[in-house]
Amino acid sequence: MSTKKAIFFDRDGTLIVDKIYLNNPDEIEYLPGVFQALRDLRDAGYVFFVVTNQSGVPRGLVSVNNLVEIHNRIRFAFAEHGIDILSFYYAPYLTDSNHFYRKPNPGMLLQATEEFNIDLGQSWMIGDRMIDVEAGHRAGTRSILLTTSIHKDDNLQQHASPEGSFSSVAESVPFILQHTTSSDENII
Ligand SMILES: [Mg+2]
């Protein structure tokens, strides 16, 4: 069975504006250039996932029903632009839980890999925090850090640097395409 190369996107501060514990589906706001960026990446053969930490759920600030509705709407909005996000994974665990599914741990990426037969070595994680970068590295992807986070990452030093740093998903596309092996080159 052939494997796919994937891009794992963080959600808040990466695809949509980080509203901090977004709970209202009407408040989804897409970041500039994301639709065109994903079309370009799709055309290069990537499939897409969203992997998002949602500690707002155990804190009682985000309801699972709303979370599911938010993800349905995001999926639909991208579908309207011809982009298929294969699956959304969320980690409803507290910040200090160290749960395997909560970034910087790689559980969500590894679950997608198992379900969709992903080649992690050809894949990327993109997010606006070092926990995203680290989750990608722990799973075996290369990682892109978006440098626009509204959060402060105190533990920056503990983690390996991202392969690239950009101010938006759109800005990262040329770099990713430069470092993409075409599927023809994969045929042995
Ligand atoms: Mg984020």
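The values are calculated or read from the model by the stated rules, or taken from the named source; none is laboratory data. Because the structure is a prediction, the values reported are computed rather than measured. When we count neighbours, we look across all protein chains shown, and the Cβ atoms used for this are built from the backbone with ideal geometry, even at glycine.
Just to be sure, is E27 of a type in the set (D, E, K, R), more than 16 Å from the chain's Cα centre (by Cα) and within 16 Å of the ligand (Cβ to nearest atom)? Against the criterion (of a type in the set (D, E, K, R), more than 16 Å from the chain's Cα centre (by Cα) and within 16 Å of the ligand (Cβ to nearest atom)), E27 qualifies. Among residues of the stretch 132-179 being modelled with pLDDT under 95 and among the polar types (S, T, N, Q), the one that is surrounded by the fewest Cβ atoms within 10 Å (Cβ to Cβ) is Q157. For the stretch 147-178, the tally of residues that are under 22 Å from Y101 (Cβ atoms) and within 13 Å of the ligand (Cβ to nearest atom) stands at 3. Checked against (1) surrounded by fewer than 20 Cβ atoms within 10 Å (Cβ to Cβ); (2) of a type in the set (S, T, Y); (3) at pLDDT 95 or above, S123 passes all but a single condition, namely (1). The set of residues from the stretch 67-108 being at positive phi and surrounded by 19 or more Cβ atoms within 10 Å (Cβ to Cβ) is empty.
Here is a yes/no grid of residues against (1) away from the ligand (no atom under 16 Å from the Cβ); (2) hydroxyl-bearing (S, T, Y); (3) in a loop (DSSP other than H, G, I, E, B):
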position: A6; (1), (2), (3): yes, no, no
position: D18; (1), (2), (3): no, no, yes
position: L38; (1), (2), (3): yes, no, no
position: V50; (1), (2), (3): no, no, no
position: R59; (1), (2), (3): yes, no, yes
position: L67; (1), (2), (3): no, no, no
position: F78; (1), (2), (3): yes, no, no
position: G82; (1), (2), (3): yes, no, yes
position: Y90; (1), (2), (3): no, yes, no
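If you take the residues in the stretch 121-140 that are away from the ligand (no atom under 16 Å from the Cβ) and touching a strand residue (DSSP E or B) at 6+ places or on another chain (Cβ under 8 Å), which one is farthest from V51 (Cα to Cα)? Filtering first and then ranking leaves Q122. When the stretch 46-99 is limited to residues that are among the aliphatic types (A, V, I, L, M) and in contact with a Pro (Cβ under 6 Å, 6 or more places away or on another chain), the one that is nearest to D12 (Cα to Cα) turns out to be I70.
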